[in-house]
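A.B. asks: Next up is a structure, given as structure tokens.
The values are calculated or read from the model by the stated rules, or taken from the named source; none is laboratory data. Given the structure is predicted, the values throughout are model-derived calculations rather than measurements. All Cβ positions, even for glycine, are placed from backbone atoms using ideal geometry, and neighbour counts span all protein chains on display.
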Amino acid sequence: MLEDIYEMAKQSFLKNLEKTQFERSQIERSTILQRDSSEWLELRRNLLTASNFGKVIKRRPTTSASIIKTLLHKNNISQVGSIKHGVYNEATLNQLAIQEGVQISPCGLFIDSEIPFLAATPDGIIGNDTIVEIKCPLSAFKMSIKEAVEKKNKILEYKKLYYDHQQ
């Protein structure tokens, strides 16, 4: 593809991703069911979401171009053991809310206002300015909080793809 045609296609693609504040707010509300929402699944196809930041940040010049295919044509991973474990443990939001004495509201897909191809779907939101993201790695399963903290360098490893998701 000629460079100028590529640039025009890129600019058109990026322009189509731009949303007004009203549209972003509507999208967030209409995708509150997250993985159970067809709109959520469809919108994420063209966005770089927080759950994929690790793959992008850690890629090397030698990384296969198939990463693009993987990111744009996401497979259904709902039956992967670690994903099922994480989904099951999202219920800990209720425990956290009670423990901290806060209201944690469900939320949908947030699209960045300045970089419209960046998005995230936190596990919950407190007020208008605090997101909640629950991580419960299989490596910490059945550990007490104290044990997990003591072994944190083995459990919450920087090299793991979910590490960047939390930052």
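A.B. asks: Restricting to the range 1-31, count the residues that are touching a residue at least 60 places away in the same chain (Cβ under 8 Å) and surrounded by 10 or more Cβ atoms within 10 Å (Cβ to Cβ).
C.D. replies: Counting residues in the range 1-31 that are touching a residue at least 60 places away in the same chain (Cβ under 8 Å) and surrounded by 10 or more Cβ atoms within 10 Å (Cβ to Cβ) gives 10.
A.B. asks: Return yes when Ile131 is of a type in the set (Val, Ile, Thr) and outside any loop (DSSP other than H, G, I, E, B) and no when it is not.
C.D. replies: Yes.
A.B. asks: Right, something else. Identify, please: which residue in the range 87-119 is assigned to a loop (DSSP other than H, G, I, E, B) and touching a Ser or Thr at 6+ places or on another chain (Cβ under 6 Å) and is, among those, surrounded by the fewest Cβ atoms within 10 Å (Cβ to Cβ)?
C.D. replies: Gly108
A.B. asks: Shifting gears a bit: Only one of these conditions is not met by Pro122: (1) buried (at least 17 other Cβ atoms within 10 Å of the Cβ); (2) touching a helix residue (DSSP H, G or I) at 6+ places or on another chain (Cβ under 7 Å). Which number is it?
C.D. replies: Among (1) buried (at least 17 other Cβ atoms within 10 Å of the Cβ); (2) touching a helix residue (DSSP H, G or I) at 6+ places or on another chain (Cβ under 7 Å), the lone unmet condition for Pro122 is (2).
A.B. asks: In the range 136-151, which residues are modelled with pLDDT of 75 or more and surrounded by 11 or more Cβ atoms within 10 Å (Cβ to Cβ)?
C.D. replies: Selection gives Met143, Glu147, Glu150.
A.B. asks: While we're looking at this one, here's another question. Could you tell me whether Asn46 is within 17 Å of Asp112 (Cα to Cα) and assigned to a helix (DSSP H, G or I)?
C.D. replies: no
A.B. asks: I would also like to ask the following. Test of understanding: among Lys55, Lys154, Lys84, Lys69, which residue is of a type in the set (Lys, Arg), modelled with pLDDT under 90, within 30 Å of Gln21 (Cβ to Cβ) and outside any strand (DSSP E or B)?
C.D. replies: Every option except Lys55 fails the conditions.
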